[in-house]
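To start, the structure under review is shown below, and the notes come after it.
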Amino acid sequence: MVKLPPLDKGVLPLQRLREEYVHALTHLLDHLSTDRVSLVLTKRLAALLTHVFVDGLGVLKAHHVVECLELEDDISSLTADTTVVYLAFARTSDARAVAAHADKLLENGDDVRRKRRLALYVVGKWTTMLDRSLDSGRARGRFQTGELAMGFFPLDTDLLTLGFQRTLYECEVDRNQSSLVDMAAALHLLQQVYGKFGSIKYKGEMSMLVLNHLMELNAGGSGLMSSTSGANTGTPTGTHRSKLDTLILLHRSVDFASVFSTPLTYEAVLDELMQIQDGFITASPQILRADESASDVAVPVALNSTDDIYQQIRDKHIHTIPAALNVHAVGVKQRFTEFQRVSATATAAEVNEFVKTVPQMKASQQSIEQHINLLEYLEATTSAKSFRDLWHLERKIMDQSDKVPDMLEELISTRGSSESGASALLVLCCQ
């Protein structure tokens, strides 16, 4: 079982935010006036809720939930005669998926004499677009709807996420800026738990829009994301004594170059080549143990503050990681060696104190070995000439060198068509 980090040790006690979200959902479930609930979640939200309910969603059985499923699961597995409560993000795509799921569910057996009760609660602000997405098919007019008081999901002691994956595309291409309203609502909810920001700074047009929405929420004193159809939502209970100093809102347009540039820190390279998702990567034991005879079935690997070694090397340059890991390995070995040297004369209290540190040292040693093996896997890419050439080309672009056109032509001519096409597009976006 993967280990989630405790959230009470950071600069901001994010454990309180986790507790508020647990309270919000359990409060909602307890006030639906039903004893049997089938909870159906979108895949993305289900993944993020694992960071809230650290002991699993099974704890919701104490709050009338008889089963938890994802939208993609087989509809026939849903228990009969339950109230189906859907949880999703405030996205039209999610609402349409919920409507389609409900239509299939009702087609498979909706008792005319006792209609199945349906409810949809969203993380974010309810909009008329969501109403229109639900207003079709057999489920038309059947949904009880509302908002669930959740915003930023805490992934680590210093990391929050809204879980949005296409915000820039939605705003710039689809011209749908509802995610900016959701962002402001999430910030407002954060202030309700920890107090208001001492100051707010912003850069970029969309940042200004988020700030305007936030100021409207603050001025209106609205507090919570409220239900649109009568059911109550959870009520944050956090103190109003502010623990928040400064909020800085940045529009992506402030710095497009970083997105398209070749990453160089350990964490960034891991994300580029192995895709970090909510604080985890998936890798096969063959990679993690450097053992070709091991299983090739990928397993989740936590990249968070539960791993002290990772915390200390995550933001270091990829080429400095071997030396950093060596320092940690030598430190662990020296502690064992030093104790062996003095163990003959050590007191019982000293021996007992050392024994207490053994599990942590073993965990550190295992972590070091795992990161060494991950680094070897990454170096197959980062040590390649093509990787170095691309990095040098990007530096030339940043320096506005006259050699860029020739270097770009060479990049395209010396690589395969698909690889060169993607690389060339990324490089051109840096210009």
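Only the coordinates and a few stated rules stand behind these numbers; no lab work does. The structure displayed is predicted, hence computed values, not measured ones. Cβ atoms come from the backbone with ideal geometry, glycine included; neighbour counts cover every protein chain shown.
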What chymotrypsin sites (Phe, Trp or Tyr not before Pro) does the stretch 256-314 have in DSSP loop regions with at most 14 other beta carbons within 10 Å?
256
Quick check: the angle from helix 178-194's long axis to the longest principal axis of the chain, C-alpha only, nearest 10 degrees?
80 degrees
I'd like the Karplus ³J(HN,Hα) series for the stretch 260-274: coefficients 6.51, -1.76, 1.60, θ = phi - 60°, whole numbers in Hz, and an x wherever there's a Gly or Pro.
8, 7, 5, x, 10, 7, 4, 4, 5, 5, 4, 5, 5, 9, 10
Please give me, ordered by residue number, the GluC sites (Glu not before Pro) of the stretch 45-143 that lie in loop per DSSP and have at most 16 other Cβ atoms within 10 Å.
72
Charge dipole of the stretch 285-431 about the Cα centre (unit charges at C-beta), most positive-ward option of 306, 404, 377
306
Among 3/362; 9/125; 316/396, the pairs whose Cα-Cα distance exceeds 26 Å are 9/125
Which value, in debye to the nearest 20, gives the size of the charge dipole of the stretch 233-364 about its Cα centre, when Lys and Arg are +1 and Asp and Glu are -1 at the Cβ?
420 debye
Using the Kirkwood radius over Cα pairs, work out the Stokes-Einstein diffusion coefficient for the stretch 306-431 at 4 °C and 1.567 mPa s, in µm²/s as a whole number.
71 µm²/s
Residue-by-residue Karplus 3J(HN,Hα) for the stretch 282-296, coefficients 6.51, -1.76, 1.60, Hz, glycine and proline x
10, 8, 7, x, 4, 7, 5, 10, 6, 10, 5, 7, 6, 5, 9
Least to most buried among 299, 173, 85, by other C-beta atoms within 10 Å and fewest first, runs 173, 299, 85
Once you have the Kirkwood Rh of the stretch 27-179 from its Cα pairs, apply Stokes-Einstein at 25 °C and 0.890 mPa s and quote D in µm²/s.
151 µm²/s
Among 82, 50, 246, whose mean-square fluctuation peaks in a Gaussian network model of the chain (Cα, cutoff 10 Å)?
246
Return the ratio Rg/(2.2 N^0.38 Å) for the stretch 7-80, where Rg is computed over Cα atoms only.
1.22
Taking only Cα atoms, what is the 0 to 90° angle, nearest 10, from helix 348-382's long axis to the longest principal axis of the chain?
90 degrees
Give, rounded to the nearest 20 debye, the magnitude of the charge dipole that the chain has about its Cα centre when Lys and Arg contribute +1 at Cβ and Asp and Glu contribute -1 at Cβ.
1060 debye
What number does the chain give for Rg over Rh if you use C-alpha atoms and the Kirkwood radius?
1.02
Using +1 at the Cβ of each Lys and Arg and -1 at the Cβ of each Asp and Glu in the chain, identify which of 259, 164, 10 lies farthest towards the dipole's positive end.
10
At a Cα cut-off below 20 Å, give the aspartates and glutamates reachable from residue 243, other chains included and same-chain residues fewer than 8 away excluded.
8, 19, 20, 156, 158
On a 0 to 90 degree scale, rounded to 10, what angle separates helix 385-398 from the longest Cα axis of the chain?
70 degrees
Viscosity 1.567 mPa s, 4 °C: Kirkwood-radius Stokes-Einstein D of the stretch 165-205 over Cα pairs, µm²/s:
110 µm²/s
Considering only 151, 329, 426, whose Cα is most displaced toward the positive end of the charge dipole of the chain, charges sitting on Cβ of Lys, Arg (+1) and Asp, Glu (-1)?
151
Taking the alpha-carbon distance from residue 333 and a cut-off under 16 Å, which aspartates and glutamates remain once sequence neighbours fewer than 8 residues away in the same chain are dropped?
369
Sparse-neighbour loop sites [GluC sites (Glu not before Pro); the stretch 287-382; at most 11 other C-beta within 10 Å; DSSP]
292
